[in-house]
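Asker: Shown below is the structure under consideration.
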Amino acid sequence: MSDSIENNSFLRSYGRYIGIAGVGIGVLGVGYYIYRSQRGQSISKPKEFSQGLGSIKPLLHSAIKKKDEGNTYFKKKNYAEALRAFEEGIQLCPEDAHELRSNLYQNIAVILEYNKDYHGCAENCTKAILLNSRYLKAIKRRAHAYAKMNCHKEALVDMQIAQILQNAPATEPTEDIENSVQLLANKKKDEYFRQHKEEPIPISQEVVLEWLTSSLIHDPFLKKINELITATNSYERALLALKQGRYNEVLELALEELSIEDSPNRLESALLAARFYFLHNQVEKGNETLQEFKNLYDSFDEESQKNYTNFFDEESQKNYTNLYVAYQILRMIYAEEIISTRKTIADACLMIEPNNSDPLFVLGLCCFNDEDLNDSVDAFMRVKEIEPDHPYIMFYLLYSKFIAALKRNDMSQAHHCVVQFDETLKQKAAPAYAHFMACRIYSQMQNIELAMEELDKSLQIKPDYVDAIYLKSLLNVDPMVVQTEEGLKLFMAQVEKTMNDLISIEPNFAEPYKMLAKIFVDKKDFSKAFECYEKAMKLTRKPSEMLLLMAEYLMAEARVDAINYLEQHPA
């Protein structure tokens with residue numbers, strides 16, 4: 001019979017969501033799989049039936065002839081006759097000829113799979129596996145059948161069993177197994193968000209850093225924060241907490257000031273509270289507080305304005321206008337129902353305050369995150385036209401152009417963007433975030449040496465920059481060193497130490513927990529792995545990131561079930 005029956009390499013080993021290959025940057029997986037691929041061992045095949053014909057019982061001899069007959073029909077693509085021959089072989093085969101019966105059931109499963117009878121395929125694979133508990137081809141084929149039958153968890157467990165039996169490096173999944181992972185992960189993601197809706201997610205440095213240091217320049221809070229040294233009310237205490245990195249204290253203090261009816265800082269407090277509700281992932285409360293700000297703003301009549309400190313001086317008037325623009329910016333970022341009208345809102349804000357480019361900047365960021373790169377570039381270009389000396393715009397503009405060039409495979413333009421970005425870094429006193437962007441550019445251009453240099457520069461500016469520390473730990477790998485078992489162990493130990501150090505610096509940063517989970521899965525320390533996965537889930541905001549996390553979690557669960565199965569069915 002052809003390879004589809006006897007030697008079918010039906011499915012590549014699956015492991016996209018398990019082990020070290022799950023690292024977002026991919027670099028850590030390089031070292032790991034260089035080592036794994038060289039360590040791979042040959043897989044012992046089931047023993048072939050080798051009894052001499054003279055000692056074979058008549059029924060057994062007849063069953064073998066039926067198997068050979070079925071193989072011949074299969075090669076000729078006469079699947080109906082092949083199926084008939086294999087089924088007759090089962091009827092003739094003695095009960096104690098386990099290996100031959102197992103092979104016949106597996107061959108029947110192949111025919112049924114061709115006929116898209118996935119239930120029958122899985123059933124016959126199971127019969128084969130009951131006779132030969134480590135029958136790799138049958139286990140793989142049943143995984144596919146389960147996936148087609150929407151028995152997704154069972155499919156993942158079978159694929160994990162097959163991967164362990166093959167002792168092979170993990171590679172890309174086939175479409176049906178990928179579908180099983182996606183469907184299960186989507187379901188688990190939706191369940192998690194539904195169960196934990198409006199629960200506050202702790203805020204970490206990386207959530208607020210871009211807003212505070214390298215994007216908006218007219219935000220009404222930023223100037224106040226820079227000037228603030230001591231606090232005399234809850235609003236100022238909230239800003240001081242923000243300035244000092246005590247992000248999870250801000251919301252309560254802002255709400256405290258907002259509750260004071262005659263406070264001159266109610267508008268600011270409402271807007272700050274709304275932003276931090278959103279940052280805590282409490283979207284409904286964020287929208288409610290935004291509406292409270294709008295109500296206060298609309299009711300701010302001339303009599304109320306007299307209570308607003310120095311309202312009639314030019315600076316206060318400008319601050320008042322910028323508060324409204326900041327309100328619209330929050331709507332652009334967080335109000336899903338207005339995604340299609342972001343550009344209209346940005347233009348309306350410019351009508352109110354033509355010299356405030358922040359709405360266009362946010363429009364560019366939103367378009368970039370939505371992968372609307374042309375619109376992102378257009379928005380950033382408009383920022384540059386309004387404020388040519390904007391301290392950050394060239395970094396974002398060139399980065400968007402670079403990614404757009406990569407998307408259309410225009411390497412000449414991508415290289416031009418890299419050169420311009422480097423020149424801009426030299427001309428300006430760039431923030432840490434700009435050097436981090438440069439690192440990502442060089443990483444995508446496969447220049448790890450320059451990427452590491454940019455990470456070092458970002459860390460010189462901000463030594464506790466957790467994103468940079470995290471990425472550096474993954475890029476800092478020598479492929480030659482990790483080809484040896486000892487070298488790999490040392491590298492993984494260093495990564496594990498760095499992840500724990502990161503948690504001590506910023507316990508609300510999700511990425512170290514995700515990485516530790518992968519490391520513990522590879523160590524087969526599943527209790528620690530699941531503990532890290534659960535901590536990461538509590539800190540994950542974006543549905544896309546939660547989807548990947550849930551996929552890894554599900555594969556780890558399947559891995560545990562696979563190991564338990566193999567322990568119960570030793571070779």
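The values are calculated or read from the model by the stated rules, or taken from the named source; none is laboratory data. Every value quoted in this text rests on a predicted model; they were computed, and no experiment measured them. In this analysis, Cβ positions are derived from the backbone assuming ideal geometry, glycine residues included, and neighbour counts consider all displayed protein chains. With ligands, DNA and RNA removed, areas are computed over all heavy atoms of the protein, side chains included. Shrake-Rupley method; radii C 1.70, N 1.55, O 1.52, S 1.80 Å.
Asker: Quick one: which helices (runs of 4 or more DSSP H) sit completely within region 107-167 and have at least 1 residues that are aromatic (Phe, Trp, Tyr)? Working first, answer last.
Answerer: On the way: elements: 118-131, 136-148, 152-166.
The qualifying helices (runs of 4 or more DSSP H) are 118-131, 136-148.
Asker: Which count do you get for residues in region 526-544 that are open to solvent by 50 Å² or more (accessible area, probe 1.4 Å) and closer than 17 Å to ASN186 by Cβ?
Answerer: Taking region 526-544 first, the residues open to solvent by 50 Å² or more (accessible area, probe 1.4 Å) are 527-528, 531, 534-535, 538, 542-544.
Retained after the next criterion (residues that are closer than 17 Å to ASN186 by Cβ): 542-544.
Of the residues in that region, 3 qualify.
Asker: Quick check on this structure: which one of PHE312, PHE300 is modelled with pLDDT under 65 and touching a helix residue (DSSP H, G or I) at 6+ places or on another chain (Cβ under 8 Å)?
Answerer: Numbers: PHE300 fails: modelled with pLDDT under 65.
Checking each option against the conditions leaves just PHE312.
Asker: Can you name every residue in region 177-235 that is without any contact (Cβ under 8 Å) to a residue 24 or more places away in the chain, of a type in the set (Asp, Glu) and closer than 30 Å to ALA434 by Cβ?
Answerer: GLU227
Asker: Now a separate question. Would you confirm whether or not region 399-419 contains a residue that is among the basic types (Lys, Arg) and surrounded by 20 or more Cβ atoms within 10 Å (Cβ to Cβ)?
Answerer: yes
Asker: List the pairs whose first member sits in region 282-298 and is over 16 Å from LEU255 (Cβ atoms), whose second member is surrounded by 15 or more Cβ atoms within 10 Å (Cβ to Cβ), and whose Cβ atoms are under 7 Å apart, counting only residues at least 6 apart or on separate chains?
Answerer: VAL283/TYR334; LYS294/TYR327; TYR297/LEU267; TYR297/TYR324
Asker: Next question. Do you know which residues across region 253-283 are open to solvent by 10 Å² or more (accessible area, probe 1.4 Å) and either among the small types (Gly, Ala, Ser) or in a loop (DSSP other than H, G, I, E, B) (or both)?
Answerer: SER259, ILE260, GLU261, ASP262, SER263, PRO264, ASN265, HIS280, ASN281, GLN282
Asker: Pairs only if they're at least six apart or on different chains, beta carbon under 7 angstrom, first in region 367-394 and over 14 Å from SER214 (Cβ atoms), second open to solvent by less than 20 Å² (accessible area, probe 1.4 Å) and not in a helix (DSSP H, G or I); list them, first residue then second.
Answerer: From region 367-394, the pairs are LYS384/HIS390; ILE386/SER357; GLU387/SER357.
Asker: Any idea which residue in region 427-485 is nearest to LEU398 (Cα to Cα), counting only those that are of a type in the set (Val, Ile, Thr) and in a helix (DSSP H, G or I)? It would help to see each step written out before you state the result.
Answerer: Looking only at region 427-485, we keep the residues that are of a type in the set (Val, Ile, Thr), and these are 441, 448, 461, 466, 469, 477, 481-482, 484.
Right, trim to in a helix (DSSP H, G or I) and you get 441, 448, 461, 466, 469, 481-482.
Working: ILE441: 10, ILE448: 20, ILE461: 21, VAL466: 24, ILE469: 24, VAL481: 35, VAL482: 35 Å.
If we take residues in region 427-485 being of a type in the set (Val, Ile, Thr) and in a helix (DSSP H, G or I), then ILE441 is nearest to LEU398 (Cα to Cα).
Asker: Could you tell me whether region 341-360 includes any residue that is modelled with pLDDT under 95, among the basic types (Lys, Arg), under 27 Å from the mean Cα position of the chain (by Cα) and in a helix (DSSP H, G or I)?
Answerer: The answer is yes; a qualifying residue exists.
Asker: If I filter region 480-488 for residues that are surrounded by 15 or more Cβ atoms within 10 Å (Cβ to Cβ), in contact with a helix residue (DSSP H, G or I) (Cβ under 6 Å, 6 or more places away or on another chain) and over 30 Å from PHE520 (Cα atoms), do I get at least one hit?
Answerer: no
Asker: Related question: Could you check region 506-530 and list, in sequence order, the residues that are farther than 25 Å from GLN282 by Cβ, of a type outside the set (Gly, Ala, Ser) and not in a loop (DSSP other than H, G, I, E, B)?
Answerer: Pass one, region 506-530, residues farther than 25 Å from GLN282 by Cβ: 515-530.
Those still in the list that are of a type outside the set (Gly, Ala, Ser) too: 515-516, 518-526, 528, 530.
MET515, LEU516, LYS518, ILE519, PHE520, VAL521, ASP522, PHE526, LYS528, PHE530 - these are the residues of region 506-530 that are farther than 25 Å from GLN282 by Cβ, of a type outside the set (Gly, Ala, Ser) and not in a loop (DSSP other than H, G, I, E, B).
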